[in-house]
Structure formats: C-alpha cells, structure tokens
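Chemist: Sharing a structure with you now.
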2 protein chains.
Amino acid sequence: MEKAKITVGIIGLGLIGGSMAIDLKRRGFASEVLGVESDPVNAAAAAKIGLVDRVVPFGECVAQSDVVVIAVPVGAAVKMLPEILDIFSSQEGAKKTVMDVCSTKESLVEAVHYHPMRSRYVATHPMAGTEYSGPWAAMPGLFDGRACIICDSHESDPASVRLVGRLYDTLNMRQIYMNASNHDVHVAYVSHISHVTSFALALTVLDKEKNEKHIFDLASGGFSSTVRLAKSNADMWVPIFSQNRDNVLQVIDTYIDKMKQFRDAISEDDAESVRSLIEEANRIKRIIR
Amino acid sequence: MEKAKITVGIIGLGLIGGSMAIDLKRRGFASEVLGVESDPVNAAAAAKIGLVDRVVPFGECVAQSDVVVIAVPVGAAVKMLPEILDIFSSQEGAKKTVMDVCSTKESLVEAVHYHPMRSRYVATHPMAGTEYSGPWAAMPGLFDGRACIICDSHESDPASVRLVGRLYDTLNMRQIYMNASNHDVHVAYVSHISHVTSFALALTVLDKEKNEKHIFDLASGGFSSTVRLAKSNADMWVPIFSQNRDNVLQVIDTYIDKMKQFRDAISEDDAESVRSLIEEANRIKRIIR
C-alpha cells in the first residue's frame, strides 16, 4: 500500500538519474517519477524519450516528492543538498528523504553535518555506469547485480535508510555499508585512478597521432579496453578530482612510482626485474574476473 | 589442388599458435597441421585438446612442413628463425616458407638480413589475442576481422608472400603492409604502452590491498577493463619490452609527462586545466568505438 504511493523526484536526468527513473517506475517502486534537468537540450531529450512522468522545476520537484535523488555532478550536489534540507525544514511533517548518487562522499556529509534535517539525508554511491553520459545514455538494468555503498548510515533516520534500501533492492544492487572517509580512499584506488590512467593514455597516443596519421589503424582490442574510460565526461570528473583531491594525489604518486620502476627496469634491460614486476601485477588475476 | 596438399608446422602451441592451428585445419587451408611445443605440460594439453594432427620434434616439423609458423615469444623467435632458414638451405628445392607472428619485428628482420634464404621468411604480426595464454586459451575465430601487419614484404619471395596472404585470408584478417621499423614504433603506442599502464595500475592497487583487505569489493567495471591486460603473461612480455626498448621508453616518458600534468592540475585545484586535459583526452572518441 505504502509502495503504491511513492513519488520519486530525480534531479539530473543523465546516465545515472535517467537509468534510475526507468527502473524505479517499471519495477513499481515509484508510482510517479518527477525529473529536474537544468540543461534545456537534455530536458527536451528526457521528455521526448519519456524517462520521467513529468519534467518540473526544482522547487516543485522537492515539494512534491517523497524521495529526492540528487544525480548531478558532485560539485553542484554539495551546494544543492543543504538547499533541499532547508525546504524539508519547512515541510517537516512530510517525513521526506533525500539521497545522492555521487562518486565522492566526504564533502557531502560534511556539508550538512550540522543541518537540523541531516537525518533525512542518506549518502549513497551506486557503482554502475558506462563511459557515456546524458539522458540518451540511460538504460534499463544498468544497476542490476552491481555494488552500492551506503555511507555513514548511523547519521540517517532508520526509516530513511530502510526506504533507500528498498529503492536499491528494486535496482538489484548489493548494498555495502562504510564510512564516508574510507569510501573516498577506496574509490580513489578502484575507480578514480583508472580514469586518470586512461585520460593520460589517450593524451599520449593523440599526441603521437598529430604526426602519424594512421597510427589508429593498428589499435588493438587491448588498447581500446584500456583507453575506454578516456571518453568520460569532464562535467562529472572535474569535481570528483577536486573533491577527492588528497586521495587521488596519493594514488597518482604511487602509480607514477610503479611506472618509473617499470621504466628503469626496461631501460637497464633488466629482464629479471621486468619479469618480477609483471608476475607481481599478475596477482590481479585472483581478484578480477 | 595445391591447397589440398599444404602441411603447416606451428612452433609454439599457445594462444596464437593454437588458435591458428584450429582455423587453418577447419577451414581447409592445411591438409595437415604439425605442432612443436617445448613445454611438456602444454604439449600434453595440446595433444589432449587435439589442436594439431601430430605433436612432433622441432627438426621433424621444419623438415616436413611447407609453411612453418613461429609462434613463440620474440626472444626465442630471434634465435630460432636463422636455424630454420639454415634447415631450408639444406632442402633448397622444396621452396618452403617460414613466418613469425611476434609483436615486434625489427630485431627479427635484422637477425636474418644477410641470410642466403632470407627471401623465404615473411615477417607478420596478427593483431589479435586475449589476456590469457597457453593451449587451453586457443579458440576458433580469434583472428576474424582483425588487422594483420606484414613487414618488409619486398625482402621476401613473392610466392612466399602470396602463400602467407592466403593463410591470413583464411583467417579473415585485414592485411596492412608496413616497414618493420615503423611497425615497432606504432605498436609501442597502440599496444605495448597499454600493457605497461595496466601492469602499473595492478601494482598500485595490490600495494594498497596489503593493508586494506576488502578494497576489491568495490572494483568497478571501469577498473576491470583498465586493469585487464595486467593478467598478461611474463614469458611473452619480457622479451617484447626488451626488443622494443627504445620505442617503449619514449612512450613511457611521454605518458609520465601527461600523468604529471594531471597531477599538477589536480594538486593546484586548477579546474580549468583539469577540464582541458579531459576534453583533449575525449578526442579519443572520434577514433575508438
């Protein structure tokens, strides 16, 4: 009964927000999905595709939704989250919940740490995506079987945590609980650094291409998979690197050290060292399919 | 008629040699496929899987085959190639052909530049593969639709070049002609560097894992695709980095420069520079599907 009446408001109708909108409606979690999209081209596309029931202004979405999902780049989300909790203050009896889906968590939880409505916020990070962005990248089933991290849930109202848990159950996500600070360290290692290495690889090869036009005729499957993330969107990644700066810098420094070890071993034609670096790296087999 | 009588001898029954054996026999290019495999476990596996008609000793394979395919790591191939041409010298009337399938070409063509039977050698690089190795990794269709580079073909007997061309037609490979020196530069950019970046990424994250056991619970699809090549085999890659050392070092140096540009821009929280690096890297979209 309760389920049949939930209105979900999604702010930001890109890959993540749009894909959530599709499955939350289709799978019956939401009786109505409202959407907010500040970019007029994306808003028109979302309406045309029919991602949400209605595209509405920000204030209307927050006022009418039971659950508000912030699905914009993290820099904008940090400013938007306290504004939404402010609106909740004026509707206190309504017991609303707001959650975000950003890739960094510490700056968000810090931004509302002392807000009187803090408990209505649940910090989450559904770890799913592709290298594409915008409403046309949204797809059903994007989240199925993937991991979702819920941060600092002890700071949130248990009813809000349960509701968000049901939302992610609907999306078939495996839920992991963690504090925001650990989350940000871990994603620097298993997600953010992969993007930096792909961007740097693309830049390296594109530089060479300026002089040698047909270099890409030879691009192998291995190259394509390694460079794939270099297609990722600047609007999303500029704020991530900024918000998670200290962790990302630490990983980049370790990475540059490892790269230099490789460089030195190859430069000295030290086959034993090259072999031992490769065999150490091969241990990744035990961990990644 | 000629086609029905070709005996192909494949030296090295790993991923590449084994996959060639399967399709050259199935698709009727070879009437018989002989195989040589120095590792006893791999030899037993190849025989059990039935990759070739017979596993035979090296000398017997070279003596009985019309086309010999060298499919061993490039360090061993450089030593083996002149030995095979020596055997050809003693069977001169037989008009045999030898080809290799290694990822670097310059050291091979140099090794036999003055050999009296040089023209019977065709230098090739079929650009196909997976991160797995050994006879159990062999599969039908591995080469279909991929590019194959034929190097310095003007140094080879036209009949040998035609025969190798037919062999790669059978494997449905797109053939590209190039000199060996250009080949080695190009593959450093579109294949070898991808492996170095994946190895370094695996080492970086495995280092962290020593202290934080559950870091990989969070590994995203993006991380998996970026680190996939780090599973690659040391026996294959140690000699590649050695033989293509100068080109690989040059690419690594450019790569470290790009990585440092990223590091500095993030460190200074210079959003404009981070954005312009990402948007420059995004140009890879035009080139890679």
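Chemist: Checking the structure you have, find out if any residue of the stretch A:134-156 is at pLDDT 90 or above, over 26 Å from A:Ala21 (Cβ atoms), out of contact with any Asp or Glu (no Cβ under 6 Å at 6 or more places or on another chain) and part of a helix (DSSP H, G or I).
Modeler: The answer is yes; a qualifying residue exists.
Chemist: Kindly indicate which of A:Thr104, A:Thr130, A:Thr170 is surrounded by fewer than 19 Cβ atoms within 10 Å (Cβ to Cβ), under 20 Å from B:Ser224 (Cα atoms) and in contact (Cβ under 8 Å) with a residue 60 or more places away in the chain. First the steps, then the outcome.
Modeler: Details: A:Thr104 fails: surrounded by fewer than 19 Cβ atoms within 10 Å (Cβ to Cβ); A:Thr170 fails: under 20 Å from B:Ser224 (Cα atoms).
Just one listed residue meets the conditions, A:Thr130.
Chemist: Would you point out which residue out of B:Asp169, B:Asp217 is facing chain A (nearest Cβ under 7 Å), of a type in the set (Asp, Glu) and not in a strand (DSSP E or B)? Break it down into steps so the answer makes sense when it comes.
Modeler: Details: B:Asp169 fails: facing chain A (nearest Cβ under 7 Å).
None of the others qualify; the one that does is B:Asp217.
Chemist: Follow-up question, since we're still on this one. Need the failing condition index for B:Lys208 against (1) assigned to a helix (DSSP H, G or I); (2) surrounded by fewer than 23 Cβ atoms within 10 Å (Cβ to Cβ); (3) more than 8 Å from every other protein chain (Cβ to nearest Cβ); (4) touching a helix residue (DSSP H, G or I) at 6+ places or on another chain (Cβ under 7 Å), just the number.
Modeler: Unmet condition: (3).
Chemist: Under 9 Å between Cβ atoms, at least 6 apart or on separate chains: pull out the pairs that start in the stretch B:271-289 with a residue that is at the interface with chain A (Cβ under 7 Å from one of its Cβ atoms) and over 18 Å from A:Glu209 (Cβ atoms) and end on any residue that is assigned to a helix (DSSP H, G or I) and of a type in the set (Asp, Glu).
Modeler: Once the first residue is at the interface with chain A (Cβ under 7 Å from one of its Cβ atoms) and over 18 Å from A:Glu209 (Cβ atoms) and sits in the stretch B:271-289, its partners that are assigned to a helix (DSSP H, G or I) and of a type in the set (Asp, Glu) give B:Arg275/A:Asp235.
Chemist: While we're looking at this one, here's another question. For the stretch B:44-56, indicate whether the set of residues that are surrounded by fewer than 16 Cβ atoms within 10 Å (Cβ to Cβ) and assigned to a strand (DSSP E or B) is non-empty.
Modeler: The first filter runs over the stretch B:44-56 and keeps only residues surrounded by fewer than 16 Cβ atoms within 10 Å (Cβ to Cβ), leaving B:44, B:48-50, B:54.
Now narrow it down to the ones that are assigned to a strand (DSSP E or B): B:54.
Within the stretch B:44-56 (the criterion being surrounded by fewer than 16 Cβ atoms within 10 Å (Cβ to Cβ) and assigned to a strand (DSSP E or B)), the answer is yes, since at least one residue qualifies.
Chemist: Also, quick follow-up: For the stretch A:106-133, what are the residues that are under 17 Å from the mean Cα position of the chain (by Cα) and of a type outside the set (Ser, Thr, Tyr)?
Modeler: A:Glu106, A:Leu108, A:Val109, A:Val122, A:Ala123, A:His125, A:Pro126, A:Met127, A:Ala128, A:Gly129, A:Glu131
Chemist: Collect the residues in the stretch A:59-95 that are closer than 13 Å to A:Leu34 by Cβ and assigned to a loop (DSSP other than H, G, I, E, B), keeping them in residue-number order. Lay out the reasoning, then the answer.
Modeler: Our first condition is that a residue be closer than 13 Å to A:Leu34 by Cβ; within the stretch A:59-95, this holds for A:59-69, A:71.
If the condition is that a residue be closer than 13 Å to A:Leu34 by Cβ and assigned to a loop (DSSP other than H, G, I, E, B), then A:Ser65, A:Asp66, A:Ala71 are the ones that fit.
Chemist: On to the next question. Can you find a residue that is in contact (Cβ under 8 Å) with a residue 40 or more places away in the chain and either surrounded by fewer than 18 Cβ atoms within 10 Å (Cβ to Cβ) or of a type in the set (Gly, Ala, Ser) (or both) anywhere in the stretch B:66-75? Lay out the reasoning, then the answer.
Modeler: Keep residues of the stretch B:66-75 that are in contact (Cβ under 8 Å) with a residue 40 or more places away in the chain, which gives B:66-75.
Now restrict to residues that are either surrounded by fewer than 18 Cβ atoms within 10 Å (Cβ to Cβ) or of a type in the set (Gly, Ala, Ser) (or both): B:71, B:75.
Yes, there is a match, as at least one residue in the stretch B:66-75 is in contact (Cβ under 8 Å) with a residue 40 or more places away in the chain and either surrounded by fewer than 18 Cβ atoms within 10 Å (Cβ to Cβ) or of a type in the set (Gly, Ala, Ser) (or both).
Chemist: When the residues of the stretch A:1-43 are narrowed to those that are of a type in the set (S, T, N, Q) and either in a helix (DSSP H, G or I) or touching a His at 6+ places or on another chain (Cβ under 9 Å) (or both), which ends up farthest from A:Thr97 (Cα to Cα)?
Modeler: Of the residues in the stretch A:1-43, the ones of a type in the set (S, T, N, Q) are A:7, A:19, A:31, A:38, A:42.
With the extra rule that they be either in a helix (DSSP H, G or I) or touching a His at 6+ places or on another chain (Cβ under 9 Å) (or both), the set shrinks to A:19, A:42.
On the way: A:Ser19: 20, A:Asn42: 25 Å.
Only one residue tops the list, namely A:Asn42.
Chemist: Step by step: first the residues of the stretch B:250-270, then only those that are more than 7 Å from chain A (Cβ to nearest Cβ) and touching a residue at least 12 places away in the same chain (Cβ under 8 Å), then the one that is nearest to the chain's Cα centre (by Cα). Which residue is that?
Modeler: B:Gln250
Quick grid of which residues meet (1) at pLDDT below 95; (2) in contact with a His (Cβ under 7 Å, 6 or more places away or on another chain); (3) of a type outside the set (Lys, Arg):
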| position | (1), (2), (3) |
| --- | --- |
| B:Val185 | yes, no, yes |
| B:Lys208 | yes, no, no |
| B:Lys213 | yes, no, no |
| B:Gln250 | no, no, yes |
| B:Ser267 | no, no, yes |
| B:Ile288 | yes, no, yes |
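Chemist: Now a separate question. Pick from the stretch A:235-246 the residues that are more than 7 Å from chain B (Cβ to nearest Cβ) and surrounded by fewer than 21 Cβ atoms within 10 Å (Cβ to Cβ): which of them is nearest to B:Ser267 (Cα to Cα)?
Modeler: First, pick out the residues of the stretch A:235-246 that are more than 7 Å from chain B (Cβ to nearest Cβ): A:235-236, A:239-240, A:243-244, A:246.
Those left that are additionally surrounded by fewer than 21 Cβ atoms within 10 Å (Cβ to Cβ): A:235, A:246.
Values: A:Asp235: 18, A:Asp246: 8 Å.
Across the stretch A:235-246, the extreme among qualifying residues is A:Asp246.
One line per residue, one yes/no per condition, for (1) surrounded by fewer than 16 Cβ atoms within 10 Å (Cβ to Cβ); (2) under 29 Å from B:Ile149 (Cα atoms); (3) of a type outside the set (A, V, I, L, M); (4) out of contact with any Pro (no Cβ under 8 Å at 6 or more places or on another chain):
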position: A:Val227; (1), (2), (3), (4): no, yes, no, yes
position: A:Ser232; (1), (2), (3), (4): no, no, yes, yes
position: A:Asp257; (1), (2), (3), (4): yes, no, yes, yes
position: A:Asp269; (1), (2), (3), (4): yes, yes, yes, yes
position: A:Leu277; (1), (2), (3), (4): no, no, no, yes
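Chemist: Considering only the stretch A:134-159, state which residues are under 12 Å from the mean Cα position of the chain (by Cα) and surrounded by fewer than 20 Cβ atoms within 10 Å (Cβ to Cβ).
Modeler: The one that is under 12 Å from the mean Cα position of the chain (by Cα) and surrounded by fewer than 20 Cβ atoms within 10 Å (Cβ to Cβ): A:Ala147.
The values are calculated or read from the model by the stated rules, or taken from the named source; none is laboratory data. Model, not experiment: these values are computed from the prediction. In this analysis, Cβ positions are derived from the backbone assuming ideal geometry, glycine residues included, and neighbour counts consider all displayed protein chains.
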